[in-house]
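Data block below; observations after.
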Amino acid sequence: MSDVVIKTRNLTKEYIRDEFHVVALKDAEIEVHRGDFVALMGPSGSGKSTLLHLVAAMDRPTSGEIEVLGSKLNGLNDGAIARWRNRHVGFVFQSFNLIPVLTALENVELPLKLTHLKKGERMQHAATALKLVGLGDRLGHFPRQLSGGQEQRVAIARAIVTDPDILLCDEPTGNLDAKSAQEVLSLLAKLNKEHGKTVVLVTHDPHAAHYASKVRYIDKGELLPDGTKPEGWN
(Lines give C-alpha, C1' and ligand atoms only; values in the text may rest on other atoms or scores of the structure.)
Protein backbone atom coordinates (compact mmCIF):
# COMPACT_ATOMS: atom_id res chain seq x y z
CA MET A 1 0.00 0.00 0.00
CA SER A 2 1.23 3.51 -0.83
CA ASP A 3 2.70 5.67 1.91
CA VAL A 4 0.07 8.27 0.93
CA VAL A 5 -3.06 7.40 2.92
CA ILE A 6 -5.23 10.43 2.06
CA LYS A 7 -5.17 12.13 -1.33
CA THR A 8 -7.65 14.61 -2.75
CA ARG A 9 -7.83 16.44 -6.05
CA ASN A 10 -10.07 19.42 -6.82
CA LEU A 11 -12.31 18.30 -3.94
CA THR A 12 -15.38 20.51 -3.77
CA LYS A 13 -18.48 20.49 -1.58
CA GLU A 14 -21.44 22.75 -2.30
CA TYR A 15 -24.77 23.08 -0.51
CA ILE A 16 -27.74 24.32 -2.50
CA ARG A 17 -31.01 24.94 -0.69
CA ASP A 18 -33.67 26.98 -2.43
CA GLU A 19 -31.97 30.26 -3.41
CA PHE A 20 -29.00 29.67 -1.09
CA HIS A 21 -25.78 28.40 -2.62
CA VAL A 22 -22.85 27.80 -0.28
CA VAL A 23 -19.44 26.56 -1.38
CA ALA A 24 -18.15 24.93 1.81
CA LEU A 25 -14.98 23.59 0.19
CA LYS A 26 -13.46 24.49 -3.17
CA ASP A 27 -10.85 22.54 -5.15
CA ALA A 28 -9.05 21.24 -2.06
CA GLU A 29 -5.88 19.27 -2.66
CA ILE A 30 -4.00 17.52 0.14
CA GLU A 31 -1.79 14.50 0.68
CA VAL A 32 -1.42 12.89 4.08
CA HIS A 33 1.20 10.21 4.59
CA ARG A 34 1.12 7.23 6.91
CA GLY A 35 2.19 8.27 10.41
CA ASP A 36 1.52 11.99 9.88
CA PHE A 37 -0.11 14.15 12.54
CA VAL A 38 -1.78 16.93 10.53
CA ALA A 39 -3.65 19.90 11.97
CA LEU A 40 -6.24 21.60 9.76
CA MET A 41 -6.56 25.15 11.03
CA GLY A 42 -8.94 27.97 10.23
CA PRO A 43 -11.76 30.05 11.65
CA SER A 44 -15.25 28.72 12.26
CA GLY A 45 -17.06 28.05 8.99
CA SER A 46 -13.87 27.88 6.93
CA GLY A 47 -14.47 24.32 5.68
CA LYS A 48 -12.26 22.35 8.08
CA SER A 49 -14.98 19.99 9.31
CA THR A 50 -16.37 19.63 5.79
CA LEU A 51 -13.02 18.30 4.59
CA LEU A 52 -12.76 15.96 7.58
CA HIS A 53 -16.25 14.56 6.97
CA LEU A 54 -15.43 13.94 3.31
CA VAL A 55 -12.27 12.04 4.29
CA ALA A 56 -14.34 9.93 6.70
CA ALA A 57 -16.93 9.33 3.95
CA MET A 58 -19.56 10.81 6.26
CA ASP A 59 -20.49 13.11 3.40
CA ARG A 60 -20.04 12.95 -0.37
CA PRO A 61 -18.26 15.57 -2.47
CA THR A 62 -20.03 17.62 -5.12
CA SER A 63 -17.05 17.16 -7.43
CA GLY A 64 -13.40 16.20 -7.38
CA GLU A 65 -11.63 13.04 -6.30
CA ILE A 66 -10.80 11.57 -2.92
CA GLU A 67 -8.76 8.46 -2.25
CA VAL A 68 -8.19 7.10 1.24
CA LEU A 69 -6.03 4.04 1.91
CA GLY A 70 -6.20 3.15 -1.76
CA SER A 71 -10.01 3.25 -1.94
CA LYS A 72 -11.69 5.77 -4.22
CA LEU A 73 -14.57 6.78 -1.99
CA ASN A 74 -16.60 8.40 -4.77
CA GLY A 75 -17.41 4.99 -6.24
CA LEU A 76 -18.54 3.16 -3.08
CA ASN A 77 -22.20 2.65 -2.18
CA ASP A 78 -23.52 3.38 1.32
CA GLY A 79 -23.13 -0.19 2.59
CA ALA A 80 -19.56 -0.49 1.36
CA ILE A 81 -18.70 2.90 2.85
CA ALA A 82 -20.06 1.90 6.26
CA ARG A 83 -17.97 -1.28 6.28
CA TRP A 84 -14.89 0.56 5.02
CA ARG A 85 -15.24 3.31 7.62
CA ASN A 86 -15.69 0.93 10.55
CA ARG A 87 -12.57 -0.95 9.53
CA HIS A 88 -10.21 1.90 8.68
CA VAL A 89 -11.32 5.17 10.33
CA GLY A 90 -11.80 6.28 13.92
CA PHE A 91 -13.69 9.55 14.40
CA VAL A 92 -13.57 11.76 17.51
CA PHE A 93 -16.28 14.41 17.86
CA GLN A 94 -16.21 17.65 19.83
CA SER A 95 -19.36 16.71 21.76
CA PHE A 96 -18.18 13.19 22.79
CA ASN A 97 -21.42 11.54 21.49
CA LEU A 98 -21.46 8.93 24.25
CA ILE A 99 -24.70 7.08 25.02
CA PRO A 100 -25.75 8.10 28.57
CA VAL A 101 -27.33 4.76 29.56
CA LEU A 102 -24.24 2.73 28.62
CA THR A 103 -21.09 2.37 30.70
CA ALA A 104 -17.70 3.44 29.39
CA LEU A 105 -16.96 -0.18 28.50
CA GLU A 106 -20.27 -0.58 26.66
CA ASN A 107 -19.79 2.70 24.78
CA VAL A 108 -16.37 1.61 23.57
CA GLU A 109 -17.69 -1.82 22.59
CA LEU A 110 -20.26 -0.38 20.16
CA PRO A 111 -18.12 -0.27 16.98
CA LEU A 112 -17.10 -3.89 17.55
CA LYS A 113 -20.72 -5.01 17.22
CA LEU A 114 -20.26 -4.60 13.47
CA THR A 115 -17.45 -7.17 13.52
CA HIS A 116 -17.49 -10.96 13.87
CA LEU A 117 -16.05 -10.89 17.39
CA LYS A 118 -17.92 -12.66 20.17
CA LYS A 119 -19.23 -10.77 23.20
CA GLY A 120 -16.32 -11.72 25.44
CA GLU A 121 -13.78 -10.76 22.80
CA ARG A 122 -15.49 -7.42 22.23
CA MET A 123 -15.40 -6.61 25.94
CA GLN A 124 -11.75 -7.58 26.16
CA HIS A 125 -10.84 -5.29 23.25
CA ALA A 126 -12.91 -2.46 24.75
CA ALA A 127 -11.21 -2.84 28.14
CA THR A 128 -7.79 -2.78 26.47
CA ALA A 129 -8.67 0.44 24.62
CA LEU A 130 -9.84 2.10 27.83
CA LYS A 131 -6.66 1.07 29.62
CA LEU A 132 -4.63 2.54 26.76
CA VAL A 133 -6.29 5.96 27.28
CA GLY A 134 -5.76 5.76 31.05
CA LEU A 135 -9.28 4.76 32.10
CA GLY A 136 -8.77 1.17 33.12
CA ASP A 137 -10.36 2.00 36.48
CA ARG A 138 -13.50 3.56 34.94
CA LEU A 139 -14.87 0.64 32.90
CA GLY A 140 -18.19 0.51 34.74
CA HIS A 141 -18.75 4.27 35.01
CA PHE A 142 -21.53 6.00 33.11
CA PRO A 143 -20.82 9.25 31.20
CA ARG A 144 -22.52 11.33 33.93
CA GLN A 145 -19.99 9.97 36.42
CA LEU A 146 -17.01 11.15 34.36
CA SER A 147 -15.39 14.54 33.81
CA GLY A 148 -15.41 16.13 30.37
CA GLY A 149 -11.80 15.10 29.78
CA GLN A 150 -12.58 11.53 30.80
CA GLU A 151 -15.62 11.45 28.50
CA GLN A 152 -13.45 12.53 25.58
CA ARG A 153 -10.91 9.85 26.42
CA VAL A 154 -13.73 7.29 26.35
CA ALA A 155 -14.65 8.68 22.93
CA ILE A 156 -11.04 8.27 21.79
CA ALA A 157 -11.01 4.69 23.10
CA ARG A 158 -14.17 4.04 21.09
CA ALA A 159 -12.48 5.51 18.02
CA ILE A 160 -9.38 3.29 18.31
CA VAL A 161 -10.99 0.05 19.52
CA THR A 162 -11.19 -1.35 15.96
CA ASP A 163 -7.49 -0.51 15.45
CA PRO A 164 -8.18 1.92 12.58
CA ASP A 165 -5.50 3.19 10.23
CA ILE A 166 -6.58 6.83 10.52
CA LEU A 167 -7.84 8.86 13.48
CA LEU A 168 -9.92 11.91 12.53
CA CYS A 169 -10.60 14.45 15.28
CA ASP A 170 -13.07 17.32 14.89
CA GLU A 171 -12.30 20.01 17.51
CA PRO A 172 -11.77 17.30 20.19
CA THR A 173 -10.80 19.85 22.84
CA GLY A 174 -13.52 22.40 22.06
CA ASN A 175 -15.63 21.53 25.11
CA LEU A 176 -12.77 20.98 27.55
CA ASP A 177 -10.93 23.08 30.12
CA ALA A 178 -7.24 23.79 29.54
CA LYS A 179 -5.92 20.90 31.67
CA SER A 180 -8.26 18.32 30.12
CA ALA A 181 -7.48 19.65 26.65
CA GLN A 182 -3.76 19.18 27.23
CA GLU A 183 -4.34 15.61 28.42
CA VAL A 184 -6.39 14.77 25.31
CA LEU A 185 -3.84 16.35 22.95
CA SER A 186 -1.00 14.52 24.68
CA LEU A 187 -2.92 11.28 24.25
CA LEU A 188 -3.39 11.93 20.52
CA ALA A 189 0.34 12.65 20.21
CA LYS A 190 1.10 9.38 22.00
CA LEU A 191 -1.19 7.41 19.70
CA ASN A 192 0.61 8.98 16.75
CA LYS A 193 4.20 8.55 17.95
CA GLU A 194 4.05 5.29 19.90
CA HIS A 195 1.28 3.43 18.08
CA GLY A 196 1.78 4.75 14.57
CA LYS A 197 -1.71 6.17 14.09
CA THR A 198 -2.16 8.71 11.32
CA VAL A 199 -3.98 11.64 12.95
CA VAL A 200 -5.86 14.50 11.28
CA LEU A 201 -6.95 17.16 13.76
CA VAL A 202 -9.39 19.99 12.99
CA THR A 203 -8.88 22.97 15.27
CA HIS A 204 -8.93 26.76 15.42
CA ASP A 205 -6.62 26.73 18.47
CA PRO A 206 -2.91 27.40 17.75
CA HIS A 207 -1.98 25.65 21.01
CA ALA A 208 -3.65 22.44 19.82
CA ALA A 209 -1.91 22.71 16.46
CA HIS A 210 1.48 22.70 18.21
CA TYR A 211 1.00 18.99 18.90
CA ALA A 212 0.86 18.26 15.16
CA SER A 213 3.88 17.66 12.95
CA LYS A 214 2.25 19.44 9.99
CA VAL A 215 -0.26 22.31 9.76
CA ARG A 216 -2.49 23.25 6.81
CA TYR A 217 -4.75 26.29 6.83
CA ILE A 218 -8.25 26.59 5.39
CA ASP A 219 -9.84 29.97 4.74
CA LYS A 220 -13.26 30.63 3.22
CA GLY A 221 -13.52 27.12 1.83
CA GLU A 222 -10.06 27.12 0.26
CA LEU A 223 -7.26 24.87 1.47
CA LEU A 224 -4.22 27.12 1.26
CA PRO A 225 -0.91 25.88 -0.19
CA ASP A 226 1.44 24.18 2.24
CA GLY A 227 3.25 26.79 4.34
CA THR A 228 0.68 29.54 3.63
CA LYS A 229 -1.42 31.22 6.33
CA PRO A 230 -4.54 33.38 6.00
CA GLU A 231 -4.08 37.12 6.38
CA GLY A 232 -4.02 38.13 10.04
CA TRP A 233 -2.77 34.74 11.31
CA ASN A 234 0.52 34.85 13.17
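Has region 217-228 got at least one residue that is open to solvent by less than 50 Å² (accessible area, probe 1.4 Å), within 20 Å of residue 110 (Cα to Cα) and within 20 Å of the chain's Cα centre (by Cα)?
No; the residues of region 217-228 include none that is open to solvent by less than 50 Å² (accessible area, probe 1.4 Å), within 20 Å of residue 110 (Cα to Cα) and within 20 Å of the chain's Cα centre (by Cα).
Results for (1) surrounded by 23 or more Cβ atoms within 10 Å (Cβ to Cβ); (2) more than 18 Å from residue 135 (Cβ to Cβ); (3) at pLDDT 95 or above; (4) in contact with a Phe, Trp or Tyr (Cβ under 7 Å, 6 or more places away or on another chain), shown as yes or no for each residue.
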| position | (1), (2), (3), (4) |
| --- | --- |
| 155 | yes, no, yes, yes |
| 167 | yes, no, yes, no |
| 176 | no, no, no, no |
| 196 | no, yes, no, no |
| 202 | yes, yes, yes, no |
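Would region 150-158 turn up any residue that is in a loop (DSSP other than H, G, I, E, B) and among the polar types (S, T, N, Q)?
The answer is no, given that none of the residues of region 150-158 is in a loop (DSSP other than H, G, I, E, B) and among the polar types (S, T, N, Q).
Is there any pair with a first residue in region 206-234 that is in contact (Cβ under 8 Å) with a residue 12 or more places away in the chain and a second that is outside any helix (DSSP H, G or I) and open to solvent by 80 Å² or more (accessible area, probe 1.4 Å) whose Cβ atoms are under 7 Å apart and which are 6 or more apart or on different chains, and what are they?
What qualifies is 216/226; 217/229; 221/26; 222/26; 223/29.
From the list 190, 179, exactly one residue is free of Cβ contacts under 8 Å to residues at least 40 places away in the same chain and within 18 Å of residue 34 (Cα to Cα). Which is it?
Residue meeting the stated conditions: 190.
Could you look through region 111-129, keep only residues that are in a helix (DSSP H, G or I) and among the charged types (D, E, K, R), and pick out the one that is least open to solvent (accessible area, probe 1.4 Å)?
122
Does any residue of region 33-49 turn out to be acidic (Asp, Glu), touching a residue at least 12 places away in the same chain (Cβ under 8 Å), open to solvent by 70 Å² or more (accessible area, probe 1.4 Å) and under 27 Å from residue 227 (Cα atoms)?
For region 33-49, residues acidic (Asp, Glu), touching a residue at least 12 places away in the same chain (Cβ under 8 Å), open to solvent by 70 Å² or more (accessible area, probe 1.4 Å) and under 27 Å from residue 227 (Cα atoms): absent.
Restricting to region 25-52, name every residue that is in contact with a strand residue (DSSP E or B) (Cβ under 6 Å, 6 or more places away or on another chain) and among the polar types (S, T, N, Q).
Correct list: 46, 49, 50.
Residue-by-condition table, conditions (1) surrounded by 20 or more Cβ atoms within 10 Å (Cβ to Cβ); (2) touching a strand residue (DSSP E or B) at 6+ places or on another chain (Cβ under 7 Å); (3) in a helix (DSSP H, G or I):
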| residue | (1), (2), (3) |
| --- | --- |
| 10 | no, yes, no |
| 23 | no, yes, no |
| 54 | yes, yes, yes |
| 60 | no, no, no |
| 80 | no, no, yes |
| 95 | no, no, no |
| 109 | yes, no, yes |
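Filter region 204-216 down to residues that are part of a helix (DSSP H, G or I) and either open to solvent by less than 50 Å² (accessible area, probe 1.4 Å) or in contact with a Cys (Cβ under 7 Å, 6 or more places away or on another chain) (or both), then give me how many there are.
Looking only at that region, the number is 2.
Could you list, in sequence order, the residues of region 88-107 that are within 20 Å of the chain's Cα centre (by Cα) and farther than 19 Å from residue 199 by Cα?
Correct list: 97, 98, 99, 104, 107.
Quick one: would you say residue 162 is surrounded by 22 or more Cβ atoms within 10 Å (Cβ to Cβ) and touching a residue at least 12 places away in the same chain (Cβ under 8 Å)?
The answer is no for residue 162.
The values are calculated or read from the model by the stated rules, or taken from the named source; none is laboratory data. Here the structure is a predicted model, which is why all the values come from computation and not from measurement. Note that we place each Cβ from the backbone using ideal geometry, even for glycine, and neighbour counts take in every protein chain shown. All accessible areas refer to the heavy atoms of the entire protein, side chains included, with ligands and DNA or RNA removed. Shrake-Rupley method; radii C 1.70, N 1.55, O 1.52, S 1.80 Å.
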